[in-house]
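Written out below as structure tokens is the structure these notes cover.
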Amino acid sequence: MSFFDVQAKCPLPPEIVYRTLAYLDWRAIVQSTQVCRLWRQIVLGSIQLQYAIELGADGLEDGPPSHLSAQERLELLLDRRRRWRALDWAAKVSVPIAGECLAYELVAGVFAKAMSMKRTSWLGSEHLALVHLPTRQTAGEVVIREDIGLFCKDFAIDPTQDLIAFILQPSAASSRTVSVHLKTISTHKQHPIPRHPVLTRDLETPFDGAIVQICKDVLAVFLMVQGSPRVLIWHWIEGVLLVAKTGPEPFHFADDFSLLSNTIFMVTSRSAPTGALQIYTFRESEKATLERWHWASNQKRTLFLLPELEKEFRYSLITTHTAPFVANVPANKPFYTSEDARVHIMSVSIEPARRNGLTRNYTIALPNRVLLRYVELAKANSDIQDQTLPWEIWGPANTRWMEETHTYAWLRYIHGPRFVKALHGRWPSTGCRLQIFDFGVHPKRPGDDDSAFEGRNAAEPDFPCEHRYCSTTSVLHGSSVFKKPVKSSLPYREVITKAALPYSGFMIDDERIIGLQSLAFSDGDMRNVDVYVF
């Protein structure tokens, strides 16, 4: 007899039942409504429990206390959910942000871009624009820093820590030195928290490309040295270099890099005989002793293999993108996106080994929690140095493959479970349709299948969006490319505007879509960006 069976036969007082349910996660609360009529009435009659269920269903967590009651937060959540499903934004605001764009970020409601005002972009960027984006309640604010006092190659931000990290453009005198300056977003002064305001590392040869990522208390730099990738990871608060992988092995065929958390990172690899996601743990936990992670004694990794190809084909490019990390709850948020809802969007290219045929392009959606779950299971096998997971074990039930033929004009096209795309028409068309994929759906939950929206598509020709809900398994047969048909089953909701919009691409966060007319990293003027607030 289960615990719930016992409770059904021996009901507790309603106030005790309520207090018990309040400690459960949203799925358990939903399941508890099947115990007995009393428990169902308690759940349905409690605004707080209903709010907890709807938060979890949308991949959200409750924000800090504020003047908003649970009822008001629930109403806002349901209204925003409806607006996302119908692409019915509450407001459209045009924000002036002139000049070219050499580097940019979108994190926690702040859009930042760097540019060169002296037409010396080869030196890096010394001009910074910070846009605190509008919300339903605020009009937004633009802050311009004409001269940041350094030439930046790239930067990363975390507004919840008032942190901006600039990686300097290497000069002739310091072409082998990676230098990261830690400053505040609010004042552009030296950040008060880190022990060392500048993080440095000397390499064996000059480097020519670098990206920087922040996740809570760690800062990672993925860079290229003579065409070979390197990884550097610091605990930026203590100034301790945790990972210093400056030799080519095992990253000979690595294309991209992403932090999965502040203890784990991923490298995409196209090494033969098949592509793979290489996952490394560089700290046992957030509270583990801070010390250098030695590759010679810590080569334990988890390999997630991609589908095998026919011998005439090879993986030629595997890139990955996910939303930025934040250390704290963004200010004035009634609720915010849960880490459990994080999704990676991977772009995969497959080409003939002899380079005399067409390249196949695919997009893969993969929840971050899937990678973390398998890594945790691998940790239990402490005697195994490398854990290899065949595609058939981890992939079909946890991913969604889509055939793609386009590239992305701008990054930051994924936030939580939502992925935004620009569907461009044939040349000379300059407009695009807005397409949203939502991978945070629950096929068995009543009302989560979009049947009402799909009915309106058929019944109302003037309805502004097309809707599609997919919970079935898709199959890429690719008889000439893959050794076996590639199956994928991650459910999703798709919404597409019927009318074209005048943009090159879009960015997205938890409450906004940003439409951009210029191309990323172009020499042209960005002019205005249009912010659609939900």
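For Gly447, indicate whether it is on the phi > 0 side of the Ramachandran plot and either at pLDDT below 90 or open to solvent by less than 40 Å² (accessible area, probe 1.4 Å) (or both).
Considered against the rule, which asks whether it is on the phi > 0 side of the Ramachandran plot and either at pLDDT below 90 or open to solvent by less than 40 Å² (accessible area, probe 1.4 Å) (or both), Gly447 comes out as yes.
Residue under question is Tyr336, and the condition is that it be open to solvent by 10 Å² or more (accessible area, probe 1.4 Å), closer than 29 Å to Gly431 by Cβ, under 17 Å from the mean Cα position of the chain (by Cα) and not polar (S, T, N, Q); does it hold?
Judged against the criteria, Tyr336 is not a match.
Just need a number here: residues in the stretch 42-90 that are among the polar types (S, T, N, Q) and more than 23 Å from His442 (Cα to Cα).
3
Which of the residues spanning the stretch 513-529 are surrounded by fewer than 21 Cβ atoms within 10 Å (Cβ to Cβ) and either at pLDDT 95 or above or aromatic (Phe, Trp, Tyr) (or both)?
Answer for the stretch 513-529, where residues must be surrounded by fewer than 21 Cβ atoms within 10 Å (Cβ to Cβ) and either at pLDDT 95 or above or aromatic (Phe, Trp, Tyr) (or both): just Phe521.
Return yes or no: is His188 more than 26 Å from Ala323 (Cα to Cα) and out of contact with any Asp or Glu (no Cβ under 8 Å at 6 or more places or on another chain)?
Judged against the criteria, His188 is not a match.
In the stretch 311-333, how many residues are surrounded by fewer than 17 Cβ atoms within 10 Å (Cβ to Cβ) and either part of a strand (DSSP E or B) or modelled with pLDDT of 90 or more (or both)?
Total meeting the criteria: 5.
Give me the pairs: first residue in the stretch 195-224 and closer than 21 Å to Thr320 by Cβ and polar (S, T, N, Q), second residue open to solvent by less than 70 Å² (accessible area, probe 1.4 Å) and part of a strand (DSSP E or B), beta-carbon distance under 6 Å, and six or more apart or on different chains, which are they?
Hits for this filter: Gln213/Ala156; Gln213/Ala220; Gln213/Leu259.
Going by the conditions given, is Asp510 open to solvent by 20 Å² or more (accessible area, probe 1.4 Å), in contact with a Gly (Cβ under 7 Å, 6 or more places away or on another chain) and modelled with pLDDT of 90 or more?
yes
Could you give me the residue pairs with C-beta distances under 9 Å whose first residue belongs to the stretch 18-31 and is without any contact (Cβ under 8 Å) to a residue 12 or more places away in the chain, whose second residue is of a type outside the set (A, V, I, L, M, F, W, C) wherever it lies, and which are 6+ apart or on separate chains?
Going by the 9 Å Cβ cut-off, the qualifying pairs are Thr20/Ser32; Leu24/Gln31; Leu24/Ser32.
State yes or no: is Arg369 closer than 22 Å to Leu106 by Cα and either touching a helix residue (DSSP H, G or I) at 6+ places or on another chain (Cβ under 7 Å) or β-branched (Val, Ile, Thr) (or both)?
Considered against the rule, which asks whether it is closer than 22 Å to Leu106 by Cα and either touching a helix residue (DSSP H, G or I) at 6+ places or on another chain (Cβ under 7 Å) or β-branched (Val, Ile, Thr) (or both), Arg369 comes out as no.
If we keep just the residues of the stretch 450-461 that are open to solvent by 40 Å² or more (accessible area, probe 1.4 Å) and assigned to a loop (DSSP other than H, G, I, E, B), which is modelled with the highest pLDDT?
Ranking the qualifying residues of the stretch 450-461, first place goes to Pro461.
Go through the stretch 422-438 and give me each residue that's in contact (Cβ under 8 Å) with a residue 24 or more places away in the chain and either part of a loop (DSSP other than H, G, I, E, B) or buried (at least 21 other Cβ atoms within 10 Å of the Cβ) (or both).
Answer for the stretch 422-438, where residues must be in contact (Cβ under 8 Å) with a residue 24 or more places away in the chain and either part of a loop (DSSP other than H, G, I, E, B) or buried (at least 21 other Cβ atoms within 10 Å of the Cβ) (or both): Ala422, Gly425, Ser429, Thr430, Gly431, Cys432, Leu434, Ile436, Phe437, Asp438.
Pick out, from the stretch 21-124, the strands (runs of 3 or more DSSP E) lying fully within it that include 3 or more residues that are buried (at least 19 other Cβ atoms within 10 Å of the Cβ).
Filter on the stretch 21-124 gives 103-107, 110-115.
Is at least one residue of the stretch 151-161 among the basic types (Lys, Arg) and more than 27 Å from the chain's Cα centre (by Cα)?
no
Do we have any residue at all in the stretch 379-392 that's touching a Leu at 6+ places or on another chain (Cβ under 6 Å), among the hydroxyl-bearing types (Ser, Thr, Tyr), at negative phi and in contact (Cβ under 8 Å) with a residue 24 or more places away in the chain?
Yes, the conditions are met somewhere in the stretch 379-392.
The values are calculated or read from the model by the stated rules, or taken from the named source; none is laboratory data. This one's a predicted model, so the numbers in the text were calculated from it and none came from an experiment. When we count neighbours, we look across all protein chains shown, and the Cβ atoms used for this are built from the backbone with ideal geometry, even at glycine. For accessibility, only protein heavy atoms count, side chains too; no ligands or nucleic acids. Shrake-Rupley method; radii C 1.70, N 1.55, O 1.52, S 1.80 Å.
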